[in-house]
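Structure first, commentary second.
The values are calculated or read from the model by the stated rules, or taken from the named source; none is laboratory data. Since the structure is predicted, the reported quantities are computational estimates derived from the model, not experimental observations. Glycine gets a Cβ as well: all are built from the backbone with ideal geometry, and neighbour counts include every protein chain shown. When the accessible area is computed, the model is the full protein with side chains, heavy atoms only, and any ligands, DNA or RNA have been set aside. Shrake-Rupley method; radii C 1.70, N 1.55, O 1.52, S 1.80 Å.
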Amino acid sequence: MNALALILALFAPAHPALKPSIQYTLRVDSADLSGWTVEIRLRTTSETIRLAMAAHPEYDDRYWRYVRDFASETPGASVTRVDSAVWQIVAPVGVVTVRYRIALPPAEPGLRAAWRPFLTPTGGLIGGPHGFMYAIGAEDSSVLVTLELPPSWAIATGLTPTRDPHTFIAANAAALVDSPILAGLLRRWSFVEGAATHHVVYWPLPDAKPFDTVAFVSGIRTMVHQTIALFGRAPYRDYTFQFEDGAFGGGLEHRNSVTLGASSADLARDARAVIPETAHEFFHTWNLLAIKPIEYHEIDYRTQPPVASLWFSEGLTMFYADLLQRRAGIPVRDSTRTAHLERLIGSYLANPAYGRFSAESISRVAYNVDPGELGDYSASTHLQGELIGTMLDLMIRDVTHGQRSMDDVMRLLFNQASPRSPSPEGRGGQGVRIDARVIEQAVESVCGCDVTPFFDAHVRHAAMIDFDRYLGLMGMTTRVTWGPAMYNGEPERDLRMWGFESARDSSLRLVVNNPASIWGKAGLHSRDRLHGINGAPVRSWPELRAKLQALRLGDTVRVQVQRPAGPFETTVVVARFERPTVRLERLPNATVAQRRLAEAATF
Ligand SMILES: [Zn+2]
């Protein structure tokens, strides 16, 4: 390191000046695990300050609903709630102390979602977007967080440690709310990959089943190794995997941590059971959090705006979660890449939504809207995006004679989003944000080809993908056969309708997945308010699901719904339905170059 580099490093934004003007104390009392208290000490420069609960861009659990006893003990301070998620304090300039409690909502039936907070006598998940308010206008200030927990509890979090094991630093408000804290009786392993330390932490239930922890940790490590190998470097210095027993197998990605459900019973059956989900959430550290959509606000208490490029952030994450597990030699659900593609193309062709809605419009409704936003269609931005990514990968490999691939696009976007040596105008890691144009330009600069017609057709508009055209580049073609949908060897009933309880008026509303389903053909529409089935009232989705599951082929169902225009009743006869099966076949006249491309692309 030369002298200039040393001086720059001393002032680099990665080393924030350690002078927090905001201090948090989060306290868990083992005698009362119904929630926790937070105390915030602020050094103010104005008489009016506002504190807010941030909205998560994807999973906005609206925990402002569970804030209790918000108060300030500072003499002369007055407190008002000015918005559902915002509190205002007027107090003399100086040190102001504010206190509130998060009263956890009652546990939901079934397994817990891994990203939602909880408390038990042996540990819990606290803080993060569900726990900490941030000071509006002071979003860039670093903060100090002290945890007062039951003495036997260990702490695992993405927050920066200090010499005091109970005190942490967050470089800014966004890092504070994006770093949930798993605490309790934890098991812990660590390894170094890409010059960064990775902590694997497991919180077991008291009656947890034993599992092969060596295979568990080595599976995660090989996946981490492959991901860092793809991008060339990690966007963090240390990373924490927060695995929780007793939660279902979903997860939520954060800038340098991830919360994941990992039941010990599942791990006892297969120590690598959680790798697929882990690979997906871990890949988001680059593709979503570092390579960030242009629409995302850094931190906001208002619902985040719709994001048009989620087909890329989610779809390419699906693409790589599968691919990187294969590169790591980890067995995956579909035995080969070809089998994987066959299954994806089959789901795509089964769903007319992809010929009606562009990738951008399906992206925009993926989060933060009630179901039924696409009318009588349901679509997956994950599936659509993964197939778009796969076709782009084939085009790049073909045009560059196998010299380049989607890997180069991901690396390029990462280097643009998070430059190695930040330019003066890109200080603080504020690199390029993505939208369709930025992604398109990255692909074009990698392949040296024109992909505008492809982006126009499938990203900005709703043309169905002509798979044979792109698979033909590797000497392959699809054989599609339609036949009765089967499940466990039996013809499947057409249950392509479901329900949800609207957050607005708690009524039960229908979602018709496909207008060609028996439900759509009978005149039912998404967001119809369900009144009753066969004359009996149905009030919740579990109740409706039980009624749907009890139906047999040939049964007659009377469905009564309520619409703004008035009541509507229809009769549905339960029938089977057709589904496509897709096989990929080698073209008889495939060239050697095409065969080579197929080998490389379907690794
Ligand atoms: Zn995802």
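Miscellaneous remarks
Per-residue answers, yes or no, for (1) of a type in the set (Lys, Arg); (2) surrounded by 21 or more Cβ atoms within 10 Å (Cβ to Cβ); (3) within 29 Å of residue 296 (Cα to Cα):
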{"position": "130", "(1), (2), (3)": "no, yes, yes"}
{"position": "134", "(1), (2), (3)": "no, yes, yes"}
{"position": "138", "(1), (2), (3)": "no, no, yes"}
{"position": "150", "(1), (2), (3)": "no, no, no"}
{"position": "170", "(1), (2), (3)": "no, yes, yes"}
{"position": "174", "(1), (2), (3)": "no, no, yes"}
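- Once region 485-543 is narrowed to residues that are of a type outside the set (Val, Ile, Thr), in contact with a Gly (Cβ under 7 Å, 6 or more places away or on another chain) and in a loop (DSSP other than H, G, I, E, B), the residue that is surrounded by the most Cβ atoms within 10 Å (Cβ to Cβ) is 526.
- Within region 29-62, considering residues that are basic (Lys, Arg) and in a strand (DSSP E or B), the one farthest from the ligand (Cβ to nearest atom): 43
- Scanning region 193-239 for residues that are among the β-branched types (Val, Ile, Thr) and over 25 Å from the mean Cα position of the chain (by Cα) returns 213, 214.
- Helices (runs of 4 or more DSSP H) completely within region 332-408 that count 2 or more residues being open to solvent by less than 30 Å² (accessible area, probe 1.4 Å) and either within 16 Å of the ligand (Cβ to nearest atom) or in contact with a His (Cβ under 6 Å, 6 or more places away or on another chain) (or both): 359-364, 381-399
- Residue tally, condition under 16 Å from residue 87 (Cα atoms), small (Gly, Ala, Ser) and modelled with pLDDT of 95 or more, over region 33-54: 2
- Test for residue 300: is it part of a loop (DSSP other than H, G, I, E, B) and either within 9 Å of the ligand (Cβ to nearest atom) or over 24 Å from residue 419 (Cα atoms) (or both): yes
- When residues in region 440-459 are screened for being touching an Asp or Glu at 6+ places or on another chain (Cβ under 6 Å) and either farther than 18 Å from residue 311 by Cα or open to solvent by 20 Å² or more (accessible area, probe 1.4 Å) (or both), 1 of them pass.
- Inclusion of residue 9 among residues that are at negative phi, more than 29 Å from the chain's Cα centre (by Cα) and at pLDDT below 95 is warranted.
- Given (1) closer than 27 Å to residue 495 by Cα; (2) open to solvent by 10 Å² or more (accessible area, probe 1.4 Å), index of the condition residue 328 fails: (1)
- Complete set of residues in region 315-331 that are part of a helix (DSSP H, G or I) and more than 16 Å from the ligand (Cβ to nearest atom): 326, 327
- Within region 250-297, the set of residues being of a type in the set (Lys, Arg) and either within 18 Å of residue 326 (Cβ to Cβ) or within 15 Å of the ligand (Cβ to nearest atom) (or both) comprises 255, 272, 292.
- The set of residues from region 155-211 being assigned to a loop (DSSP other than H, G, I, E, B), polar (S, T, N, Q) and within 24 Å of residue 52 (Cβ to Cβ) comprises 172, 179.
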